[in-house]
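Working notes, structure below.
The values are calculated or read from the model by the stated rules, or taken from the named source; none is laboratory data. Here the structure is a predicted model, which is why all the values come from computation and not from measurement. Cβ atoms come from the backbone with ideal geometry, glycine included; neighbour counts cover every protein chain shown.
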Amino acid sequence: MQPILTISGLSKTYASGFTALKNINLEVRRGEVFALLGPNGAGKTTLIGIVCGIVNATSGRVVVDGHDIVRDYRRARAMIGLVPQELTTNAFETVWATVSFTRGLFGKPADPAHIEKVLRALSLWDKKDNRIMMLSGGMKRRVLIAKALAHEPALLFLDEPTAGVDVELRRDMWNLMRTLKESGVTIILTTHYIDEAEEMADRIGVINRGEIILVEEKAQLLRKLGKKQLTLDLEAPLETVPPSLAGYGLELSANGSALTYTYDDTQSERAGIVRLLKDLADAQIRFKDLQTSQSSLEDIFVDLVRETS
């Protein structure tokens, strides 16, 4: 299946000489939720700005469902919805008016039924006649999403959509993303909340210093880069790890009361745990309890960014 978004050799250098993006190559599959992660200043918003026609690239090409974003701007842009970070709305407009007006900006005919459907999905229907200035911050963010969906885009950018909102609204946003995905909308999500990416994304991309350093299926990323640890609480503390156990790379806690074994979740590594427990018994090291833990997507992200900084 043809990707809905293809980015080839994309770079951006500003007049100041600062290079925000360096030779970005990326394909986003139709119907997926793609999470783009990166620290502040990594280039996420610049990349979105170029795809949405807000920022001009220095070099490279962007194609949205077969339409070049420069040569065929109107058709390409009409396929994209953008929810920006900033709460930028006309404070004196009503919810209904601003969402309907946005639909018209893309040349779409009036469709009150679609606008109603969007507003109801975002719990905005009872606010449809309220002026934007009267809404809470969370409700204003819902309005931004409604505006982005007004013209029925196939590709939706959510740039930090849940920044500064309460937990309940975040959960509502997640439910909305699931509904949109089921309807065939492709979603590109940037977020500082790693649990959001872990919950929603099909694939993860990590950008740092203007370069894509990794693109991976979420499950595969967790499996390949996620570390598991087995911690053994010892019956009697140790001063050092015995030489017979040196090959396991065990870490001894500061007070000598626990040993930690780090491993990958593979069949050979699981067999290594069996050998470790046997060797511990042979060394007459007894433990009273054991527990396992697994690194999260946040741990992986921090490690990746640290390695490339």
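Given the structure, is His151 on the phi < 0 side of the Ramachandran plot, part of a helix (DSSP H, G or I), buried (at least 17 other Cβ atoms within 10 Å of the Cβ) and modelled with pLDDT of 90 or more? So His151 does not fit the description; no. Please verify whether the range 118-135 includes one or more residues that are among the hydroxyl-bearing types (Ser, Thr, Tyr) and in contact with a Lys or Arg (Cβ under 8 Å, 6 or more places away or on another chain). Yes, the range 118-135 contains a residue that is among the hydroxyl-bearing types (Ser, Thr, Tyr) and in contact with a Lys or Arg (Cβ under 8 Å, 6 or more places away or on another chain). Just so you know, in the range 54-88 the residues that are among the acidic types (Asp, Glu) and more than 23 Å from the chain's Cα centre (by Cα) include one that is nearest to Thr6 (Cα to Cα), and it is Asp68.
Could you tell me which residue of the range 7-23 is surrounded by the fewest Cβ atoms within 10 Å (Cβ to Cβ), considering only residues that are among the hydroxyl-bearing types (Ser, Thr, Tyr) and within 22 Å of the chain's Cα centre (by Cα)? Within the range 7-23, the match that is surrounded by the fewest Cβ atoms within 10 Å (Cβ to Cβ) is Ser8.
The single condition among (1) free of Cβ contacts under 8 Å to residues at least 40 places away in the same chain; (2) touching a Phe, Trp or Tyr at 6+ places or on another chain (Cβ under 9 Å) that Asn90 does not satisfy is (1).
A count restricted to the range 43-75 and to residues that are out of contact with any helix residue (DSSP H, G or I) (no Cβ under 7 Å at 6 or more places or on another chain) and more than 16 Å from Ile188 (Cα to Cα) stands at 13.
Looking at the range 232-247, which of the residues that are touching an Asp or Glu at 6+ places or on another chain (Cβ under 8 Å) and within 17 Å of Leu290 (Cα to Cα) is surrounded by the fewest Cβ atoms within 10 Å (Cβ to Cβ)?
Asp233
Here Lys108 meets the list (1) closer than 30 Å to Val62 by Cα; (2) not in a loop (DSSP other than H, G, I, E, B) almost entirely, failing just condition (2).
For the range 24-34, a residue qualifies if it is of a type outside the set (Asp, Glu), surrounded by fewer than 21 Cβ atoms within 10 Å (Cβ to Cβ) and over 16 Å from Ile69 (Cβ atoms), and the qualifying residues are Arg29, Arg30, Gly31.
Of everything in the range 24-83, what is among the β-branched types (Val, Ile, Thr) and in a strand (DSSP E or B)? Give them in sequence order. Break it down into steps so the answer makes sense when it comes.
Restricting attention to the range 24-83, the residues satisfying the condition of being among the β-branched types (Val, Ile, Thr) are 24, 28, 33, 45-46, 48, 50-51, 54-55, 58, 62-64, 69-70, 80, 83.
The answer is Ile24, Val28, Val33, Val62, Val63, Val64, Ile80, Val83.
Taken together, the residues in the range 158-212 that are part of a loop (DSSP other than H, G, I, E, B), on the phi < 0 side of the Ramachandran plot and in contact (Cβ under 8 Å) with a residue 24 or more places away in the chain amount to 11. For the range 126-139, which residues satisfy the criterion of being over 22 Å from the mean Cα position of the chain (by Cα) and surrounded by 15 or more Cβ atoms within 10 Å (Cβ to Cβ)? Lys127, Lys128, Asn130, Arg131, Ile132, Leu135, Met139, listed by residue number.
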